[in-house]
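The values are calculated or read from the model by the stated rules, or taken from the named source; none is laboratory data. Predicted, not measured: the structure shown is a model, and the values here were computed from it. Virtual Cβ from ideal backbone geometry, glycine too; neighbours counted across all protein chains shown. These area figures cover heavy atoms from the full protein model, side chains too; ligands, DNA and RNA do not enter into them. Shrake-Rupley method; radii C 1.70, N 1.55, O 1.52, S 1.80 Å.
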Amino acid sequence: MKRRAFLGSGLAAGALLASAANGRAETPAPRATGCLGLIVERASGSVVLIDNVRRAALGRIEGLGDLSHATAVFSPCERYAFVFGRDGGLTRLDLLESRIDKRVMQSGNSIGGAISDDGQLIAVANYTPGGVKIFDAETLAEVASIPALGTDGKTSKTVGIVALPGRRFIYSLYDAGEIWIADFGAGATPKLTKFPNVGRLPYDGAVTSDARHYLAGLFGEDGFAHIDLWAPELKCERVAQNYFGGQQKLPVFKMPHLEGWGQSASDLLLPACGAHEVLAIDLQTMGLKKRIPTHGQPVFCVARPDGREVWVNFAHPLNDTVQIIDIPTLEVVHSFVAGPTVLHLEFLPRGHEVWISVRDADRVDVMDVRRRQKVAEIPAQKPSGVFFAARAHRLGG
């Protein structure tokens, strides 16, 4: 667990580090947590602590293991970040002290996690050995372990885990083709609700901002599995079936991510799997509204917080470009080359800036959304994503 200075754009994290000149620790200046965030450095097992108001790097925290598919969630107070590493590491970071607070190796291979609506439970979805583990957010002590045994009796990878109101988590079983809800409302022993036969190979899932619609993408067929979580009796149905319309599915070089789908009013924009298209779903009917041609195979479709636009990045080999879709017209209205290998886009909470991870240029670009111009760069080592502490107040994280 290491910590060292990081110099970026001429700014040093001097307030966070010991003073070499006089041999004593300096007292960090008080600062608010709402402006803080993290840049994941996937190749070096580190994160860069950032101040989004100053557009500055404050320091680097090392020793987080394999971050090749890392995500992060935040405590309700915004002081702590929980980073889910690909190697099964779960790390709690203290953002104010710029250090690793606690760390556990909870599996052999994990694929993301979520924090309960009350901020007390951390859930981790695992590839190896499969299943979901639940931890106390304060101590990282294990609370529960839920094996992912499908109706066929075999262990399955778990994906697409998100939080629901009432200390619940919903997730998909990739190999088994099932969706489960784990309810911790009554204590440490979860009540499990299982939906079998939801479709072949659900590869990711997400819930809409009103916690009503959970959709899982299906890698093994054309369409999505959908559960209306407001329904009196829950059931899973396939929606937007056969969206390829008989076209040949393209090889998939990078699996699309539903976590960053674009939700705006009654429309949901999400990446097609194996096609150069973004799909517009009508949330009232759950029918396919439009197939929007794009530059390449979309990975993230991220809605501007006001819902007017959706920004899209793409898979290899067309991953240097970002396109913007206008919601009223459902048309691509702007395209630009951001740089080599754009991996992730993240808007500030009020949507005036978007931070774009340009992995092979070793930087994060900060763009003014209205002017569509770059206003700053943050150096980072192979960045794969930006996460802001204000995400703590989003449902589903």
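Taking every residue in region 47-67 that is farther than 21 Å from Asp87 by Cα and in contact (Cβ under 8 Å) with a residue 24 or more places away in the chain and pairing it with any residue that is in a loop (DSSP other than H, G, I, E, B) and of a type in the set (S, T, N, Q), at least 6 positions away or on another chain, the pairs with Cβ-Cβ distances below 6 Å are Leu49/Ser98; Gly59/Ser98.
Considering region 156-271, the qualifying strands (runs of 3 or more DSSP E), each wholly inside and each with 2 or more residues that are more than 30 Å from Leu330 (Cα to Cα), run over 168-173, 178-183, 191-195. When the residues of region 372-395 are filtered to those that are open to solvent by less than 10 Å² (accessible area, probe 1.4 Å) and among the small types (Gly, Ala, Ser), which remaining residue is nearest to His69 (Cα to Cα)? Restricting to residues being open to solvent by less than 10 Å² (accessible area, probe 1.4 Å) and among the small types (Gly, Ala, Ser), the top hit is Gly385.
Glu353 fulfils the conditions (1) open to solvent by less than 20 Å² (accessible area, probe 1.4 Å); (2) under 19 Å from Leu269 (Cα atoms) except for a single criterion, (2). For region 317-336, a residue qualifies if it is farther than 14 Å from Thr294 by Cα and touching a Ser or Thr at 6+ places or on another chain (Cβ under 9 Å), and exactly one does: Ile327.
Of the numbered criteria (1) among the polar types (S, T, N, Q); (2) at pLDDT 95 or above; (3) surrounded by 17 or more Cβ atoms within 10 Å (Cβ to Cβ), the one Ser145 fails is (3). The residues listed here are Asp222, Asp210; of these, the one that is buried (at least 16 other Cβ atoms within 10 Å of the Cβ) and acidic (Asp, Glu) is Asp222. Mind listing just one residue for me: the one in region 169-188 that is farther than 15 Å from Gly131 by Cα and in contact (Cβ under 8 Å) with a residue 40 or more places away in the chain and, of those, surrounded by the fewest Cβ atoms within 10 Å (Cβ to Cβ)? If we take residues in region 169-188 being farther than 15 Å from Gly131 by Cα and in contact (Cβ under 8 Å) with a residue 40 or more places away in the chain, then Ala188 is surrounded by the fewest Cβ atoms within 10 Å (Cβ to Cβ). Taking region 37-52 as the range and being surrounded by fewer than 20 Cβ atoms within 10 Å (Cβ to Cβ), within 16 Å of Gln381 (Cα to Cα) and modelled with pLDDT of 95 or more as the test, only Ser44 passes. Among the residues that make up region 371-392, is at least one of them of a type outside the set (Lys, Arg) and free of Cβ contacts under 8 Å to residues at least 60 places away in the same chain? Yes; the residues of region 371-392 include at least one that is of a type outside the set (Lys, Arg) and free of Cβ contacts under 8 Å to residues at least 60 places away in the same chain. The residues in region 53-66 that are outside any strand (DSSP E or B) and either open to solvent by 50 Å² or more (accessible area, probe 1.4 Å) or in contact with a Ser or Thr (Cβ under 7 Å, 6 or more places away or on another chain) (or both) can be counted, and the count is 5.
Determine, yes or no, whether Ile134 is open to solvent by less than 10 Å² (accessible area, probe 1.4 Å) and within 20 Å of Pro165 (Cβ to Cβ). So Ile134 passes the test. In region 110-128, how many residues are open to solvent by 50 Å² or more (accessible area, probe 1.4 Å), in contact (Cβ under 8 Å) with a residue 40 or more places away in the chain and part of a strand (DSSP E or B)? Counting residues in region 110-128 that are open to solvent by 50 Å² or more (accessible area, probe 1.4 Å), in contact (Cβ under 8 Å) with a residue 40 or more places away in the chain and part of a strand (DSSP E or B) gives 1. Select from region 368-395 the residues that are more than 20 Å from the chain's Cα centre (by Cα) and either part of a loop (DSSP other than H, G, I, E, B) or under 29 Å from Ser209 (Cα atoms) (or both) and list them in ascending order. Asp368, Val369, Arg370, Arg371, Arg372, Gln373, Lys374, listed by residue number. If I filter region 129-143 for residues that are under 18 Å from Thr91 (Cβ atoms), assigned to a strand (DSSP E or B), in contact with a Ser or Thr (Cβ under 9 Å, 6 or more places away or on another chain) and not β-branched (Val, Ile, Thr), do I get at least one hit? Scanning region 129-143 turns up at least one residue that is under 18 Å from Thr91 (Cβ atoms), assigned to a strand (DSSP E or B), in contact with a Ser or Thr (Cβ under 9 Å, 6 or more places away or on another chain) and not β-branched (Val, Ile, Thr). Restricting the first member to region 282-304 and to residues that are in contact (Cβ under 8 Å) with a residue 40 or more places away in the chain, and the second to residues that are among the hydroxyl-bearing types (Ser, Thr, Tyr) and assigned to a strand (DSSP E or B), the beta-carbon pairs closer than 9 Å and six or more apart or on different chains are His295/Thr321; His295/Ser335; Ala303/Ser264; Arg304/Ser264. With a requirement of 2 or more residues that are over 15 Å from Gly119 (Cβ atoms), among the aliphatic types (A, V, I, L, M) and open to solvent by 10 Å² or more (accessible area, probe 1.4 Å), the strands (runs of 3 or more DSSP E) lying completely within region 69-109 that satisfy it span 99-105. Taking the criterion of being farther than 12 Å from Phe314 by Cα, among the β-branched types (Val, Ile, Thr) and at pLDDT 95 or above, the residues of region 253-293 that qualify are Ile281, Ile292. Just one of (1) at pLDDT below 95; (2) not in a loop (DSSP other than H, G, I, E, B) trips up Gly153, so point out which. Only one criterion is unmet by Gly153, namely (2).
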